[in-house]
Structure formats: structure tokens, C-alpha cells
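Down below is the structure, laid out as C-alpha cells.
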């Protein structure tokens, strides 16, 4: 479906992307991860035709460099911050972009339902929440019935509920046979939303593999801070069952490194054991930590 070979991009003396190669199949969701400045947005902009590049990228056999217009007609793109006119309604916004893409108005109406904005069709864009704006952006990206969806940080800045909703919508598009390439800094989302993962570091592709490997290699471990009601000694064995490592203490806080998929079960187990949790918070695993761990395993 999408084939990228030796793709490179420079801005003056800065090598923003350096010899990137990968494939993405029909119906496959590929997560593009990396710290800020790693080259994620630059790569998406190259593929969508906003930036020239060296190397080769083909979509269904069409070379993006030489037959860019034909290939781009098969691409839907959602930038990190969609720039919509705030005084237009949801319906007017989709009708505007449908006219630009020469798409029948019926298609625009059906997409409002697809992204579950039918009840907000008459709402102005500047009245929408961040999650609703992202869903509207996804509807615009889908107007041309694209084979490839490029999504730049689609869940950035969203609350948990909106993130889960965007996850579901992305999975639905992949289930319909679309290839999805999305960038994200939310490592926790990757195993639930993607089949494959690409990690960029300073413009280089330093890791690619199954998205599930992020869980199996404990890459998405987060730090869980727990303040308990005088039951630290009772809680310690339970916490270690889920962390498999030492638990630090700072004042009346217990601090444990816990795999992302185990966080809810850890809290649930403490409550079931009758241990009162006065307070807790979670620090998500930084992308930089994941990079160091992947490089330490020798994965490539």
C-alpha cells in the first residue's frame, strides 16, 4: 500500500529526516513515535506533499514525487491543530471542504454521522470541544474516501474520554481497509490503536516492529505515586506483584514503576485488600525513556 525508501529531508544544514524506509499494508495502523523534533511531523508533511524530499515514496504504486497529485487524491490528512473557521457550523465546514474536494454533499452529511457529530451539525466550530474539533478534522480527512490516512498527534491535548473516542474511530477506519499512519507521544495508546510502530530519533528510524512489543518489553511503564492511610507495609507485597521492582518512598508517598496495562489492576487490588488510598497520581512514560530502553535491548 505505502512504500517508503530512503526518504530524506534537509532544511539548509539540518538533516531533519535521514534515510527513512518502511512499508505499511492495507488496513494496517502504524504509530510514529519520537520526542519533539524527532521528525514525525516533517515525515507526514513529506508524504502528504507539503514538503519536497529526497528518496522515494509510493502509494498504490503511484510515486508521490512524480505523480503527487494523483497520489494525494488518495490521502486524507489531519494536522495536529486543524485550522477551521470558528464562525462556520459543523455542517457548513464539511460542505465547504466537500466543495473544495469536489465531493458530493451526501458524503459530507454521512461523515457527520460517522464521527458522531450529527447532534452538533448546527453548532459553530468555536463552540466545539477539542475532541469534537478533532473528530471534525477526521471527517474532513475522510471526505475523499482516502486509502491512506495521515494523522498528526490526533489525541494531543484531549481528555481521556476524547482520546478513547479517537482510538475507536481510528480502529474503525483500519477495519474498513484504510492504511493509517499516525504520530503520537502517548505511548500508552500505541498497543491499543496500532499494529506496527516506528520510532524516530533526530531524524533517523531507530526502531520498528510490532506495536505489542512496546508492552512485552515493558516500554510503557509509568511511575505511580500512592499515598496510603498508614498501610504501607501491607501494600508493599501487592505493589511488587505488579511492578516486579523496588518501591521507593518519599515522605508518605510510595513510588512504583508500573507497566501501563497494570495500573488499573494495581489500584483495584489495593482497594480489594481494604487498603485506603488517600491520593494517587501517574506520570506517563516519556518517549525519551522508551527510546533509551529500545536502544538498550538492541531492537532495530
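Scanning region 79-99 for residues that are free of Cβ contacts under 8 Å to residues at least 12 places away in the same chain and surrounded by 18 or more Cβ atoms within 10 Å (Cβ to Cβ) yields nothing. Where in region 80-184 are the helices (runs of 4 or more DSSP H), entirely inside, with at least 1 residues that are under 25 Å from residue 211 (Cα atoms) and at pLDDT 90 or above? Output list reads 130-141, 160-175. Condition check: under 13 Å from residue 5 (Cα atoms) and assigned to a loop (DSSP other than H, G, I, E, B). Does residue 37 satisfy that? Criteria not met by residue 37. Taken over region 128-144, the criterion of being over 15 Å from residue 103 (Cα atoms) and out of contact with any strand residue (DSSP E or B) (no Cβ under 9 Å at 6 or more places or on another chain) is satisfied by 128, 129, 130, 131, 132, 133, 135, 136.
The values are calculated or read from the model by the stated rules, or taken from the named source; none is laboratory data. What you see is a predicted model; the values in this text were computed from it and never measured. In this analysis, Cβ positions are derived from the backbone assuming ideal geometry, glycine residues included, and neighbour counts consider all displayed protein chains.
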